[in-house]
1. Rounded to the nearest Å, what's the spacing between the alpha carbon centres of segment 67-83 and segment 325-352? Just the number, please.
2. Describe numerically, in nm with one decimal, the distance between label points set 7 Å from Cα along Cα→Cβ at residue 273 and at residue 156.
3. HN-Hα J couplings of segment 64-73 from phi, Karplus 6.51/-1.76/1.60, θ = phi - 60°, integer Hz, Gly and Pro as x?
4. How charged is the neighbourhood of residue 126? Take every other residue with its Cβ under 14 Å from the Cβ of residue 126, and add Lys/Arg as +1 and Asp/Glu as -1.
5. Give the distance, in whole Å, between the Cα centre of segment 110-150 and the Cα centre of segment 226-274.
6. Residue 350: which aspartates and glutamates have alpha carbons under 19 Å from its alpha carbon, excluding same-chain residues fewer than 8 sequence positions away?
7. Read phi for every residue in segment 250-264 and hand back ³J(HN,Hα) as whole Hz from Karplus 6.51 cos²θ - 1.76 cosθ + 1.60, θ = phi - 60°, with x for Gly and Pro.
8. Using modelled amide H (1.01 Å from N, peptide plane; none on Pro or chain starts), what sits under 5 Å from the amide H of residue 181, excluding residues fewer than 5 places away?
Amino acid sequence: MKISPKKNSPRLSAENLGAVSQVGMTEALGQAEIFLEFQERLSRVARVNRPVLVIGERGTGKELAVSRLHYLSPRWQGPLVALNCAALSATLIEAELFGHEEGAFTGATRRRAGRFEAAHGGTLFLDEIGQIPLEVQEKILRVVEYGTFERVGSAQPIQVDVRIVGATNADLAVLAGAGRFKRDLLDRLSFEVLFLPPLRERREDILLLANHFAVRMAFELGRSEVPSFSDEAIAALERYPWPGNVRELKNVVERAVYRAESALVSDIVFDPFRSALANDLPPAEQPRRAQMSAAETPVAARPDKPFTEAVQELEVQLLRQALQEARYNQRKAAQLLGLTYHQFRALYRKYLKAGDFM
């Protein structure tokens, strides 16, 4: 049954639109118990001047959590400086973090302060911290332990007061076991480890967030009526697994509101590429699209490779899924798969050694 918009449906007045925009660009909304528990732990550790790691899947809002942690801390009046470690080559990360002297390398035409100096008295947010090279990790460890570092091309120590908060979707303990992350640094950074729950574990928040994004999009489009979702649209939103989490939900809802011809939103498109290509591709392109779609199906449904290889791919896929659902707790992941802990560890080490988890 669809819900028809009423003639006297709510209007987006200037007064309530102001309230909508003030809900914040944070999108840190939720009423699910697991999400509220996360926020409570975050609030508690925010007051303690120690490093924190935020672990979560892509699109869960790790950056927003770090921002909230900073502004709830005693350092809230200090700077919050961020660095996406995945966006830089290994050779540039060191210079970005610690700065450099004039002539330190080709192109260094003047002295430049790094992110540590910029974050003095505040918080340094290292996003995708698991991708920092080992040699740079060594220098970060020195800052954590002694509060000093040297710019690239200088031997002059610089003293800083910085709180480090790292975020990643990788299993840092596994990376440390494989020699790709310094165990000493991991021990120092993990005073508290906060696991941000994926959207599929907080189903009761889906409609809450969807309504929030819908109202904001309607405001951006200059529409006067508050949008609402049909029963079918609500069912589709709540049934979808949301692999891209809150970020994906935001995109899907905004697209649906934009395409809707009235305040009632009934058409939900989760994959704009598939829906568009299915209708618009010329006949010559259909076979290639079919091959692309087949490549996205589970390995167990494709008999196009040797049995042993297909089984190995399926095992890796199941291990990854179980780890994500167990929030990287290996004992819980083993229980989800119906394995003993030692059986799980044997499989895990097998594929870790083969490089399938790298």
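What follows draws every value from the coordinates through simple rules; no lab data is involved. In this text, all values refer to a predicted model and were calculated from it rather than measured experimentally. Here Cβ is always computed from backbone atoms with ideal geometry, including for glycine, and neighbour counts include all displayed protein chains.
1. Taking the Cα centre of each part, segment 67-83 and segment 325-352 sit 36 Å apart.
2. The two pseudo-label positions are separated by 5.0 nm.
3. 5, 5, 5, 4, 5, 4, 5, 6, 8, 8
4. Net charge around residue 126: +1.
5. 41 Å
6. 171, 309, 313, 315
7. 4, 5, 5, 5, 4, 5, 5, 5, 4, 7, 5, 8, 9, 6, 8
8. HN-HN under 5 Å from residue 181: 176.
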